[in-house]
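Working notes, beginning with the structure itself.
Read the figures in this text as sums done on the coordinates, not as results from a lab. Owing to the predicted nature of the structure, the values given are computational and were not obtained by experimental measurement. As a convention, Cβ positions derive from the backbone with ideal geometry for all residues, glycine included, and neighbour counts pool all protein chains shown.
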Amino acid sequence: MTWQPDSETADLIRAYCLQNALQYEGQGKAGSVIGRLMGERTDLRAHGKEISPMVASLVEEANMKAGESGLESIREELRSLAPHLLEKQVKERRQGLPELPEADAGKVILRFAPNPNGPLSFGHSRGVVINSEYAKSLGGKLILRFDDTDTVRKPPLPESYSMIEQEVRWLTDIEPVVVIASDRIDIYHQHALELLKMNGAYVCLCSADEFKQHRLEMSNCPHRCADVEVNIELWNQMKDGVLKAGDAVVRVKTEMSLPNPALRDWPALRIQDTDANPHPRVEIGNRWKVWPLLDFQSAVEDHLQGVTHIIRGKDLMDSTRKQLLLYEHFGWVYPETIYWGRVKVHEYGGFSTSGMRAAIEGGEFTGWDDLRLPTLAAMRRRGIRPEALRSFWIELGLTQKDISVALSTLNSHNTKVIDRGSPRLAFVRDAIALELDTSNVEAPSFLEVPGHPEHDEFPVRRIDLSNGTVHIEKSDFEMAKQENGRMRLKDFADIQLSDDGKAILTSIEPEPGANIVHWNSAGTESILYSGEENTLKRESGILEDNTYPDGTMVQLERIGYAVIENDALVLCHY
């Protein structure tokens, strides 16, 4: 005998399905409900085969109800069935970012410091959002600093400077103070010379392998004890080009006995072959021979700009330790530092800016806004809003724990932002044209359907039926043929498919048992583009006639949100 839940368990399952659909804005997932049930009710694990299809059906039903009647209908049913789940949802949600330690209102200065070897990615947006939100809430200042002093391993991309500035403004809605490190090389040189003069650094002539051995053995480099005058002479030879790339580096004096090998006399400045690898900014070019490494440049700049708080990934803890040792030499006070853990988004994998740049230059992707890429340019093209990115990162907060999330979490935040401003349209993929047979039931010559089911500020959708044709998706047609041939054309009428390919109108009023499908009559042949798992998906179909301009976000019935773009559609999310 097939297992059936008792009434209490059935109510629990239904309540969890409703809560999931509500939480994810009508995009509920059966898997998360099943996982929760099995985690909380171990007695149900033996009945997984029966529970899985039950949950899938209830989640689908709740999602459909949310789409047709709105989220409030789900909320009302859940309030009647299990009101405590609504209360729990509110209680568990943290509001805003945690308090910033040692922060004085009006005096905080934070910075976001990307390498401009490409525009910003989704991962970069975390640093932009968190730093800017603290700056705004505390009446402070945000510095956008371009750390562009590596012309060899991560050469800057000239156009990325303006792209990043524009993206930061878009994401934060504030005007940052812009600092470009390559404009300030002489300042870093002055601090390097000062450090040499105070005997806090020295010019090391060891090869990379030779110094590696000293580091492993915790033994001093033979150049470490050179007189200040000797170091200054070698420093001048580095700057004048007498010494070449690889011949010498300036090292900060720490202790070769330190437990962490990375901290032992770490390198601060080096010679770069800027004749072979000039800086991409033409005003810089090969003007300088000696360039600071990031830990030195960043530390000096943070002090000069008066940065009060540094917020960054916990993988950069060694940078903090190095810079603290440098600050001790200069007698500076190090900024308050906060770390966060990694956030992995399942759908984005292991993209890096350097890797994306190489793939774009190699023709694998069409540009930085290619829909398959996790860049802000691509996300903006798909219709992800800055408010959604801000609320997403604020909700995750500053925990040092590594987190793994699904893209649907961001999509849920975005839905809350875009839904009210997204009129509804029908896009019929892989369309089949059916002759509408009205011999039994009279049909109107046109329909008027609200542009949005909950808001009346959009133009009414006027659907012309005079041509006697309706388009439905091939998958809906095939499913109906396998069953009883019945379906309901959403907002219109019930039909029966005939053997000769007609849609016989059977009732204007809905009758029980008919699956509801989206459809259209007259329309425009269009393409729906979406980026999925490194693949650009292209689906042809017929888009309902409309007068919305390019850039309009719409909700395609039973598909998802999309942006109208050049007579096509770009899928935002399902």
Less than 11 Å Cβ to Cβ from Ile527, Lys/Arg counted +1 and Asp/Glu -1: what total charge do the surrounding residues give? -1
Compute the distance in nm between two label points, each set 7 Å from the Cα along the Cα-to-Cβ direction, one at Leu81 and one at Met64. 1.5 nm
Sequence-distant or interchain residues sharing an amide H contact under 5 Å with Ala268, placed H: which? Val250, Arg251, Val252
Under a crude label model (7 Å from the Cα following the beta-carbon direction), how far is Glu448 from Ser162 in nanometres? 4.8 nm
Mean shadow area of segment 373-459 over all directions, Cα convex hull, nm²: 9.9 nm²
Extension gain, Thr469 back to Ser404 (0.36 nm per residue minus Cα-Cα distance, nm): 18.6 nm
Once the other residues with Cβ under 15 Å from the Cβ of Leu44 are scored (Lys, Arg +1; Asp, Glu -1), what is the net sum? -1
Residues whose built amide H sits under 5 Å from the amide H of Ser526, excluding neighbours closer than 5 in sequence, are Gly541, Ile542, Leu543
If you average 1/r across every pair of different Cα atoms in segment 448-540 and take the reciprocal, what Kirkwood value do you get, in Å? 15.3 Å
Taking the chain as the reference, fit the longest principal axis to its C-alpha atoms, fit the long axis of helix 294-304 to the helix C-alpha atoms, and give the angle between the two in degrees, 0 to 90, nearest 10. 90 degrees
Under a no-solvent Debye model with one identical scatterer per Cα of the chain, what's log10 I(q)/I(0) at q = 0.07 Å⁻¹? -0.58
Per residue of the chain, what 222 nm ellipticity follows from adding -39500 (n - 2.57) for every DSSP H run with n ≥ 4, rounded to the nearest 500? -11500 deg cm²/dmol
Answer in debye to the nearest 20: the dipole magnitude of segment 343-420 about its Cα centre, from +1 Lys/Arg and -1 Asp/Glu charges placed on Cβ, is 240 debye
Under the Karplus relation with 6.51, -1.76 and 1.60 and θ = phi - 60°, whole-Hz ³J(HN,Hα) for segment 218-229, x at Gly and Pro, equal 6, 10, 6, 5, x, 8, 5, 9, 5, 5, 4, 4
Once Asn260 and Thr524 are pulled to full extension, the length gained, defined as 0.36 nm per residue separation minus their Cα-Cα distance, is 88.5 nm
What FRET efficiency comes out for Asp499 versus Glu387 if R0 is 60 angstrom and r is the Cβ-Cβ distance? Round to the nearest 0.05. 0.70
Long-range amide H partners of Leu436 with built H, under 5 Å: Thr469, Val470, Ala503
Can you pull out the GluC sites (Glu not before Pro) in segment 437-543 whose DSSP state is coil and whose Cβ has at most 13 other Cβ atoms within 10 Å? Glu442, Glu454, Glu457, Glu483, Glu533
Cα-Cα longer than 30 Å, checked against Lys107/Lys197; Lys65/Lys401; Lys65/Lys136; Lys344/Lys537; Lys136/Lys239, kept in input order, equals Lys107/Lys197; Lys65/Lys401; Lys65/Lys136; Lys136/Lys239
Suppose each label sits 7 Å from its Cα in the direction of the beta carbon; what would the His329-Glu229 distance come out to in nanometres? 2.2 nm
Rounded to the nearest 10, the angle in degrees between the Cα long axis of helix 208-217 and the longest principal axis of the Cα atoms of the chain comes to 90 degrees
Crossing angle, helix 160-172 versus the chain [Cα axis fit, 0-90 degrees, rounded to tens]: 60 degrees
Per residue, how big is the convex hull of segment 343-420 when only Cα atoms are used? Give it in Å³. 92 Å³
If you project the alpha carbons of segment 7-92 onto their three principal axes, what span does each projection cover, largest first, in Å? 35, 26, 23
Estimate the FRET efficiency between Ser73 and Asp318 by the formula 1/(1 + (r/R0)^6), using the beta-carbon distance for r and 60 Å for R0, to the nearest 0.05. 0.65
Residue separation between Ala105 and Thr9 times 0.36 nm, minus their alpha-carbon distance, gives in nm 29.3 nm
Report the Cα centroid-to-centroid distance between segment 201-237 and segment 298-352 in angstrom, as an integer. 26 Å
May I ask you to evaluate 6.51 cos²θ - 1.76 cosθ + 1.60, the Karplus curve with θ = phi - 60°, for each residue of segment 273-290 and list the ³J(HN,Hα) values in order in whole Hz, giving x for glycine and proline? 7, 7, 6, 7, 10, x, 5, x, 6, 4, 6, 9, x, 10, 4, 10, 9, 9
What net charge is computed for the residues neighbouring Pro459, neighbours being all others with C-beta under 14 Å from the C-beta of Pro459, Lys and Arg scored +1, Asp and Glu -1? -2
Residue-by-residue Karplus 3J(HN,Hα) for segment 515-523, coefficients 6.51, -1.76, 1.60, Hz, glycine and proline x: 5, 8, 10, 8, 6, 8, 9, 6, x
Between Asp173 and Leu536, the FRET efficiency computed from the C-beta separation at R0 = 25 Å comes out, to the nearest 0.05, as 0.20
